[in-house]
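For reference, the structure is listed below as structure tokens.
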Amino acid sequence: MSSSELSVLRRPNDRLGRRRAINIFMELVAWLAAALAVFFLGIVVWSVARKGFSQLSLDLFTKSQPIGQFGTGSEKLGLANAFVGTLVIVGIATAIALPFGILIAIYVNEFAGKRIKNAVTLTLDVLAGVPAIVVGFFVYGLIVVGRGQSGYAAGFALSVLMLPLVSRATIEVLALVPDSLREAALGVGAPRWRTTLGIVLPQTIGGVLTGATLAVARIAGETAPVLLVCSLVGQGINWNPSQALMTVPLAIFELSDQADAPEQALAWAGALVLILFILFTSLLARWLATRSRRKIAQAGR
Amino acid sequence: MSEIREESVSASSTIEHAVRVETKRQPLPPRERLEQVFDIQDLTAIYGSKPALKNVSMAVYENLVTAIIGPSGCGKSTFIRCFNRMNDLVPSFRQTGTIRYHGQDISGKDVDPVAVRRTIGMVFQRPNPFPKSIYDNVAWGLRVLGMKDNLSDRVERALTQAALWDEVRDRLKSSALGLSGGQQQRLCIARAIAVEPDVVLMDEPASALDPIATQKIEQLLHELKSEYSFVIVTHNMQQAARVADMTAFFSISRGPEGERWGELVEYDETEKIFTAPSDKRTEDYVTGRFG
């Protein structure tokens, strides 16, 4: 292209220069804002990794140390009891929240009228916004008073936090399933429940798993309810949820309060594992989400 | 060069052949001698406050292909979706009048739409196979309806009737989504006839397909109408002329305040609708002066 052809585009225009300047400025601001977010995440990850990395070893996952009772210092430190406790409690929470969350979503998207649908959706949004400490306090009053702390109570508290996340995610993927599929199933004479279970729901498995995975990542690091309903823990590894169980957030909370450097380092190691876990589950969720979206898009062509 | 000419010659002779076949149709017996499948009286269908159809009365006869033609927005799809209660899925939908299926009113509140859809199957405008294997697409409905004896035989028979068996017999376990559009639509037809319905409704079944796939589906209608009654919505007049024994022409009426609704203008034997229509609007439409 010759320069004479371009000259029409270079007509002298004072406003053009100004618009370009504003454009560059705005792009810069947006870029800085994005960089700031990455910067802070970087600082958090880097400082946690720097302080906790030295403690990352097999012992971290196989041994457990009673807090505040370090002996000679020859023993290796570990958080096995906290990992086991978190695993059990998150498992309980998922076992409660996943089926209920899916059922709520199925009712809202496939059966409810518009008004009920709006009401339930709003309720779920409010529930998602309830502070964790309030949920913890609620479960404390409901279950812990008179019965004592337990892993069940913590699992239940976390399931309340998890429920709206799973439900909303499931509602969203159900809404993506094209109506043509429902019509196809109803058209051969299938009742609605068979249509929902046999045709619609299988389309959403990927999306539901995505929601559940994100919810697990979110509640695994939840501290407030655990402090209230499941914090008077015994020593060593314990798989029994009828007793209070150590959890990773609780261990971080308590260890960081200790005077000895090794214990503080252990807290950092716990934090590092938690961050890595959340990173891993988020990536897993993204992968699942991409896969299921592709699948639904294919079915709805 | 000569090859190409030969091909085009043979193609045009196929078309002539097809036209000759459809013009040499057998005369229908008198209406009184035909068994009525549907008897529609004074049907009015309303979405929210907008009427989509007003005061339609007609009969659909057994073992015939009945075509519904008319311009876009004349309520053709709404009309046949009343036959299997598909409009129930639209919350704002209401209808008045009666649709009798072999004498029984199917539009009543006490009639289970699931039972209606078991005997009155449907094929939709866009092929909508389940995201399952080819086999399971046909077998799913059979399993749901408890027709599990000789499942494989039933699947094979349905696929054969839908003229798809030879193309898919070696890959029954592969996904139905891998089939071409025309194959998918024939799979949908197989899925619909596998559960042995009495009537098959087709809502513009070939509008998303190429001419060859369309021809295959029209061929199917000819072959299957001895076993089923077909009601087919189409905006393609040639298609109606080719496949239908009876044709109903719907048109759009406008009220004084600009409101629009669909109504039945003329319903008669296809030959008569296309050669000697009694209504001016039908004539304008079939001769292409309108729509």
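Stokes-Einstein diffusion of the range A:211-270 at 4 °C, 1.567 mPa s viscosity, Kirkwood radius from Cα pairs, rounded to a whole number: 103 µm²/s. The distance between label points at B:Thr44 and A:Asn118 comes to 2.9 nm (points 7 Å beyond Cα on the Cα→Cβ vector).
For chain B, set up a GNM with springs between Cα atoms under 10 Å and report which of B:Ser107, B:Ser253, B:Ser229 has the largest fluctuation. Fluctuation is largest for B:Ser253. For chain A, the square roots of the Cα gyration tensor eigenvalues, ordered a ≥ b ≥ c, give a/c of at least 1.5 with a/b no greater than b/c, which places it in the oblate category. Evaluated at q = 0.06, 0.08, 0.10 Å⁻¹, a Debye calculation over the C-alpha positions of the protein assembly as shown (equal weights, vacuum) places log10 I(q)/I(0) at -0.52, -0.78, -0.95. Largest first, the extents of the alpha carbon coordinates of chain B on the three principal axes equal 59, 56, 38 Å.
What is the percent of Cα-Cα separations in the range A:11-55 that go past 12 Å? Counting every Cα pair in the range A:11-55, those more than 12 Å apart make up 71 percent. Note on B:Arg260/B:Ala208: beta-carbon distance plugged into 1/(1 + (r/R0)^6) with R0 of 25 Å gives a FRET efficiency of 0.45. Taking A:Asp59, A:Asp179, A:Asp125 in turn, the Gaussian network model of chain A (Cα-Cα springs below 10 Å) assigns the largest fluctuation to A:Asp179. Per-residue 3J(HN,Hα) values for the range B:168-175, derived from phi via the Karplus relation 6.51 cos²θ - 1.76 cosθ + 1.60 with θ = phi - 60°, read 10, 4, 8, 9, 4, 8, 8, 5 Hz in sequence order (x marks Gly and Pro).
Scanning chain B for long hydrophobic helices, with DSSP H runs required to stretch 27 angstrom or more by C-alpha along their axis and to average at least 1.6 on the Kyte-Doolittle scale, returns nothing. Once backbone amide H atoms are built at 1.01 Å from N, B:Gly70 has B:Phe250 as its partners under 5 Å, excluding neighbours fewer than 5 places away on the same chain. Please check: in the Gaussian network model of chain B (C-alpha springs, under 10 Å), which one of B:Lys272, B:Lys148, B:Lys109 has the largest mean-square fluctuation. Per the Cα network of chain B with a 10 Å cutoff, B:Lys109 tops the list. Rounded to whole numbers, the Karplus 3J(HN,Hα) couplings from phi for the range A:242-256 are 7, 10, 5, 10, 5, 10, 4, x, 5, 4, 4, 4, 6, 5, 5 Hz, using 6.51 cos²θ - 1.76 cosθ + 1.60 with θ = phi - 60°, and x at Gly and Pro. Amide H contacts under 5 Å for B:Met122: B:Leu201, restricted to partners 5 or more places along the chain or on a different chain, H placed in the peptide plane at 1.01 Å from N. Relative contact order of chain A, taken over Cα pairs closer than 8 Å and 6 or more residues apart, is 26 percent.
Looking at chain B alone, DSSP beta bridges between its own residues are antiparallel in about 60 percent of cases.
Give the relative contact order (percent, whole number) for the range A:174-299; include only Cα pairs under 8 Å separated by 6+ residues.
31 percent
Length gain on complete extension for the stretch A:Val130 to A:Arg20, per 0.36 nm per residue less the alpha carbon to alpha carbon distance?
On the way: separation 110, 0.36 × 110 = 39.60 nm, distance 4.51 nm.
Once the chain is fully extended between A:Val130 and A:Arg20, it gains 35.1 nm.
Among A:Phe253, B:Phe274, the order by Cβ neighbours within 10 angstrom, fewest to most, reads A:Phe253, B:Phe274. Computed FRET efficiency, Cβ-Cβ of A:Arg294 and B:Glu32, R0 51 Å: what is it to the nearest 0.05? Working from the Cβ atoms, E equals 0.35. With a Förster radius of 56 Å applied to the beta-carbon distance between B:Gln104 and B:Asp170, the computed FRET efficiency rounds to 0.80. Once C-alpha pairs closer than 8 Å and six or more residues apart are averaged by separation and normalised to the residue number of the range B:24-92, the relative contact order reads 26 percent. Placing a pseudo-label 7 Å from each Cα along the Cα-to-Cβ vector at A:Ile237 and B:Val111 gives an inter-label distance of 6.6 nm. Overall dimensions of the range B:199-266, expressed as equivalent-ellipsoid semi-axes from the Cα gyration tensor (√(5λ), whole Å, largest first), are 28, 14, 10. Distance between the modelled labels on B:Ser152 and A:Trp31, one decimal in nanometres: 6.6 nm (7 Å Cα→Cβ projection).
Throughout, read-outs are computed from the coordinates displayed, never taken from laboratory work. Every value quoted in this text rests on a predicted model; they were computed, and no experiment measured them. With ideal geometry, Cβ positions are generated from the backbone for all residues, glycine too; neighbour counts draw on all protein chains shown.
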